[in-house]
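Engineer: Sharing a structure below in structure tokens format, with a few things to ask.
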Amino acid sequence: MTDLTVENLSVVYGQAIAALDDVTMTVSEGRMTALMGANGAGKSTVLKAISGVLEFERGRISTGRVTFGGQQLNDIPVHRRSRMGVAHVREGRHILSNMTVEENLDVAGFAAPPRSKAETARIADRIYGYFPVLGERRRGTAGYLSGGEQQMLAIGRAIAAEPRVMLVDEASLGLAPMIAEQIFEILGRINADTGLTILIVEQNVGLALRYAEYVYVLENGRVALEGTRDTIGTREEISARYLGGDTTLTEMA
Ligand SMILES: Nc1ncnc2c1ncn2[C@@H]1O[C@H](COP(=O)(O)OP(=O)(O)OP(=O)(O)O)[C@@H](O)[C@H]1O
Ligand SMILES: [Mg+2]
């Protein structure tokens, strides 16, 4: 199995700031898994440790390990992890604003092994199939897309590299509820159609419980709760206990 695991992982930033403390998680192959928790709980840090971008932020793994398909990733540089099939959609819609939608996808595809023109077109068509609005605007400048469309493009860019596992950080942030739901619906469809393993970081408990089969909740850098969608508890319980009971985060559901 090409599971992704995080085993007894502790991460520090700089010399002192402990962001994760003994975190153990399994992201099973072909499954959609969610990681929840309040602001500052360490969610993004988990994704950064998996993709390797941690090193660009003076972060480091102090103990524990990340593995993918049984292979330890700790000391493997970011570009090699992406070649191995680990894609990271970072928080905040990272796209190339001055380029067209099409160019954004082309450039993202360079992270994958070299491919023919026909192959590149086939992959772009698949992405436009999932996100028709990107197809309609393929020759438009990415910076002029709406927030939701830019998030779709950021996800499309990850898919262009044909990953085996995709990490998605707060895809719903700042989006209208309907658009957030649409993006999750598409992620669910990609997962169901292609078996792509997906780990989503999400603060909207309703969304996470609707689309992820297995859920982890972080609190102060530790796993406070985990379980399947059906056994982990209700939206209200999780929200009240671990997300400060902020109803704005769950209203959308
Ligand atoms: N580059 C960094 N340098 C120093 N400390 C950092 C850095 N990034 C994160 N931290 C600290 O690590 C802890 C975990 O941060 P992280 O970004 O992983 O949380 P998060 O759960 O993603 O929060 P949010 O919901 O706000 O995105 C926080 O205390 C944060 O201040
Ligand atoms: Mg974060």
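Engineer: Within the stretch 64-80, take every residue that is assigned to a strand (DSSP E or B) and more than 18 Å from the chain's Cα centre (by Cα) and give me the one that is surrounded by the most Cβ atoms within 10 Å (Cβ to Cβ). Explain how you work it out, then say what you get.
Structural biologist: Filtering the stretch 64-80 for residues assigned to a strand (DSSP E or B) gives 64-68, 71-72.
Right, trim to more than 18 Å from the chain's Cα centre (by Cα) and you get 64-65, 71-72.
Details: G64: 18, R65: 15, Q71: 10, Q72: 12.
In this case the residue turns out to be G64.
Engineer: Take the residues of the stretch 206-221 that are among the charged types (D, E, K, R) and surrounded by 16 or more Cβ atoms within 10 Å (Cβ to Cβ): which is farthest from G245 (Cα to Cα)? Spell out how you get there, then give the answer.
Structural biologist: Looking only at the stretch 206-221, we keep the residues that are among the charged types (D, E, K, R), and these are 210, 213, 219.
Then keep just the ones that are surrounded by 16 or more Cβ atoms within 10 Å (Cβ to Cβ); that gives 210, 219.
On the way: R210: 19, E219: 14 Å.
Per the criteria, the residue is R210.
Residues are listed down the side, and each one gets a yes or a no for (1) assigned by TED's automatic domain parsing to the domain that holds V201; (2) part of a helix (DSSP H, G or I); (3) in contact (Cβ under 8 Å) with a residue 12 or more places away in the chain:
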{"site": "S97", "(1), (2), (3)": "no, no, yes"}
{"site": "E119", "(1), (2), (3)": "no, yes, no"}
{"site": "I123", "(1), (2), (3)": "no, yes, yes"}
{"site": "G135", "(1), (2), (3)": "no, yes, no"}
{"site": "G143", "(1), (2), (3)": "no, yes, yes"}
{"site": "I179", "(1), (2), (3)": "yes, yes, yes"}
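Engineer: Return the residues of the stretch 199-239 that are farther than 14 Å from N39 by Cα and of a type in the set (A, V, I, L, M); say none if nothing qualifies. If you could, list the steps in order and put the result at the bottom.
Structural biologist: Narrowing the stretch 199-239 to residues farther than 14 Å from N39 by Cα: 199-200, 206-216, 223-238.
Within the stretch 199-239, L199, I200, L207, A208, L209, A212, V215, V223, A224, L225, I232, I238 qualify.
Engineer: Can you tell me which residue among V27, V66, V23 is within 16 Å of ligand 2 (Cβ to nearest atom), of a type outside the set (F, W, Y) and at pLDDT 95 or above? Steps first, answer last, please.
Structural biologist: Working: V27 fails: within 16 Å of ligand 2 (Cβ to nearest atom); V66 fails: within 16 Å of ligand 2 (Cβ to nearest atom).
None of the other options fit; the residue is V23.
Engineer: Look through I179, I155, I198 and report the one residue that is over 18 Å from G92 (Cβ atoms) and modelled with pLDDT of 95 or more. Break it down stepwise before answering.
Structural biologist: Values: I179 fails: over 18 Å from G92 (Cβ atoms); I155 fails: over 18 Å from G92 (Cβ atoms).
Among I179, I155, I198, only I198 is over 18 Å from G92 (Cβ atoms) and modelled with pLDDT of 95 or more.
Engineer: With respect to M36, determine if the residue is out of contact with any Cys (no Cβ under 7 Å at 6 or more places or on another chain), within 13 Å of ligand 2 (Cβ to nearest atom) and within 27 Å of I232 (Cα to Cα).
Structural biologist: Details: out of contact with any Cys (no Cβ under 7 Å at 6 or more places or on another chain): yes; within 13 Å of ligand 2 (Cβ to nearest atom): yes; within 27 Å of I232 (Cα to Cα): yes.
Considered against the rule, which asks whether it is out of contact with any Cys (no Cβ under 7 Å at 6 or more places or on another chain), within 13 Å of ligand 2 (Cβ to nearest atom) and within 27 Å of I232 (Cα to Cα), M36 comes out as yes.
Engineer: In the stretch 159-190, how many residues are of a type in the set (G, A, S), within 16 Å of ligand 1 (Cβ to nearest atom) and open to solvent by less than 60 Å² (accessible area, probe 1.4 Å)?
Structural biologist: 3
Engineer: Of all residues in the stretch 17-41 being within 9 Å of ligand 1 (Cβ to nearest atom) and open to solvent by 10 Å² or more (accessible area, probe 1.4 Å), which is farthest from L167 (Cα to Cα)?
Structural biologist: This residue is I17.
Engineer: Anything in the stretch 191-232 that is small (G, A, S), within 16 Å of ligand 1 (Cβ to nearest atom) and over 18 Å from A41 (Cα atoms)? List them, or say none. Explain how you work it out, then say what you get.
Structural biologist: Just the residues of the stretch 191-232 that are small (G, A, S), to begin with: 192, 195, 206, 208, 212, 221, 224, 227.
Narrowing the set further to residues that are within 16 Å of ligand 1 (Cβ to nearest atom) leaves 208, 221, 224.
Answer for the stretch 191-232, where residues must be small (G, A, S), within 16 Å of ligand 1 (Cβ to nearest atom) and over 18 Å from A41 (Cα atoms): there is none.
Engineer: Could you check the stretch 46-95 and list, in sequence order, the residues that are among the aromatic types (F, W, Y) and touching a strand residue (DSSP E or B) at 6+ places or on another chain (Cβ under 9 Å)?
Structural biologist: Just the residues of the stretch 46-95 that are among the aromatic types (F, W, Y), to begin with: 56, 68.
Scanning the stretch 46-95 gives a single hit, F68.
Engineer: Just to check your reading of the model, which residue among V6, V78, V66, V46 is within 11 Å of ligand 1 (Cβ to nearest atom) and of a type outside the set (G, A, S)?
Structural biologist: From the options V6, V78, V66, V46, the qualifying one is V46.
Engineer: Report, by residue number, each residue of the stretch 192-205 that is buried (at least 20 other Cβ atoms within 10 Å of the Cβ) and assigned to a helix (DSSP H, G or I).
Structural biologist: Going residue by residue through the stretch 192-205, those that are buried (at least 20 other Cβ atoms within 10 Å of the Cβ) are 196-205.
Matches in the stretch 192-205: V205 only.
Engineer: Quick one: how many residues across the stretch 82-102 are closer than 11 Å to S51 by Cα and in contact with a helix residue (DSSP H, G or I) (Cβ under 6 Å, 6 or more places away or on another chain)?
Structural biologist: The total comes to 4.
Engineer: I'd like to know if the stretch 92-104 contains one or more residues that are open to solvent by 40 Å² or more (accessible area, probe 1.4 Å), within 16 Å of ligand 2 (Cβ to nearest atom) and in contact with a Leu (Cβ under 9 Å, 6 or more places away or on another chain).
Structural biologist: Taking the stretch 92-104 as the starting set, the residues that turn out to be open to solvent by 40 Å² or more (accessible area, probe 1.4 Å) are 92-94, 96-99, 102-103.
Checking the rest, the ones that are also within 16 Å of ligand 2 (Cβ to nearest atom) come to 92-94.
Filter once more, so that each one left must be in contact with a Leu (Cβ under 9 Å, 6 or more places away or on another chain): 92-93.
Yes, that holds for at least one residue.
The values are calculated or read from the model by the stated rules, or taken from the named source; none is laboratory data. Everything quoted here is computed from the prediction, not taken from an experiment. Neighbour counts run over all protein chains shown; Cβ positions are idealised from the backbone, glycine included. Just so you know, the surface numbers come from the protein's heavy atoms only, side chains and all, with ligands and any DNA or RNA stripped out. Shrake-Rupley method; radii C 1.70, N 1.55, O 1.52, S 1.80 Å.
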